[in-house]
1. Does region 43-59 contain at least one residue that is at pLDDT 95 or above, surrounded by 15 or more Cβ atoms within 10 Å (Cβ to Cβ) and farther than 21 Å from Gln165 by Cα?
2. Which residue out of Ile37, Ile54 is of a type in the set (A, V, I, L, M, F, W, C), outside any helix (DSSP H, G or I) and under 13 Å from Pro114 (Cβ atoms)?
3. Counting only residues that are within 18 Å of Ile145 (Cβ to Cβ) and aromatic (Phe, Trp, Tyr), how many does region 30-62 have?
4. Pull out all pairs, ordered by first then second residue, where Cβ-Cβ is under 9 Å, the residues are six or more apart or on different chains, the first lies in region 22-46 and is in contact (Cβ under 8 Å) with a residue 60 or more places away in the chain and among the charged types (D, E, K, R), and the second is in a loop (DSSP other than H, G, I, E, B) and surrounded by fewer than 18 Cβ atoms within 10 Å (Cβ to Cβ).
5. When region 125-159 is examined, which residues are found to be small (Gly, Ala, Ser), without any contact (Cβ under 8 Å) to a residue 24 or more places away in the chain and buried (at least 18 other Cβ atoms within 10 Å of the Cβ)?
6. So in region 64-79, with the set limited to residues that are assigned to a helix (DSSP H, G or I) and in contact with a Gly (Cβ under 7 Å, 6 or more places away or on another chain), which one is farthest from Leu23 (Cα to Cα)?
7. Identify the residue in region 86-114 that is of a type in the set (Val, Ile, Thr) and out of contact with any Pro (no Cβ under 9 Å at 6 or more places or on another chain) and, among all such residues, is surrounded by the fewest Cβ atoms within 10 Å (Cβ to Cβ).
8. For the structure I just gave you, tell me whether Leu108 is in a helix (DSSP H, G or I), of a type outside the set (Gly, Ala, Ser) and either over 14 Å from Ala87 (Cβ atoms) or touching a residue at least 12 places away in the same chain (Cβ under 8 Å) (or both).
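The values are calculated or read from the model by the stated rules, or taken from the named source; none is laboratory data. These figures come from a predicted structure and were not determined experimentally. All Cβ positions, glycine included, derive from the backbone under ideal geometry; neighbour counts span all protein chains shown.
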Amino acid sequence: MKTISSLHTLTQIGLIAALYAVLTLCLPMASFGSIQIRFSEALTVLAVFGRKPILGLTLGCALANAIGLSLGMNIAGAWDIAVGSAATLVAALLSYATRRVTFKGLPLLAVWPPVLINAVVIGGELNLVLCGGAWKSYPLFALQIGLGQLIPCVVGGCVVAKAVQKSKSVQKMLMHR
């Protein structure tokens, strides 16, 4: 029985990772660059519903960044596989930690960590890679990344959260221990 449960968990994590990667790679011009809008970031709200999505999101980000690099789309290079995935992990952990703070049933606090963490971390990463770490260009990169995260994470995240809340089977999958 434990083998079936482990396989079930692995499958769930893999599905979330694959979904994140596919959504990122469907629009590579929007997903990689100094201005980026990753629609896959709407999935970061899944961390609110359980711990398994945290690993799925992190692995999905690593996979998307690695494939983006192999396609020549990822301008941050190999750094982005580690740094971008670490930012996703930290943001997902913070979203999970703030999951109980809601407004009208929506996890409004939990949708913000991906916006803020990515603005700071990915903004810094791009500043380092593209400008050699010159501090006067950092605020622009951070602002661009943060603004690009707003729609997918805040608006898209609330839409995804509402959809998950309406689907008992998806909730069961995400929360199943």
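1. Checked region 43-59: at least one residue is at pLDDT 95 or above, surrounded by 15 or more Cβ atoms within 10 Å (Cβ to Cβ) and farther than 21 Å from Gln165 by Cα.
2. Working: Ile54 fails: outside any helix (DSSP H, G or I).
Only one candidate qualifies: Ile37.
3. So the answer is 2.
4. These pairs meet every condition: Arg38/Leu27.
5. The answer is Ala142, and nothing else.
6. The selected residue is Leu69.
7. In this case the residue turns out to be Thr102.
8. Judged against the criteria, Leu108 is not a match.
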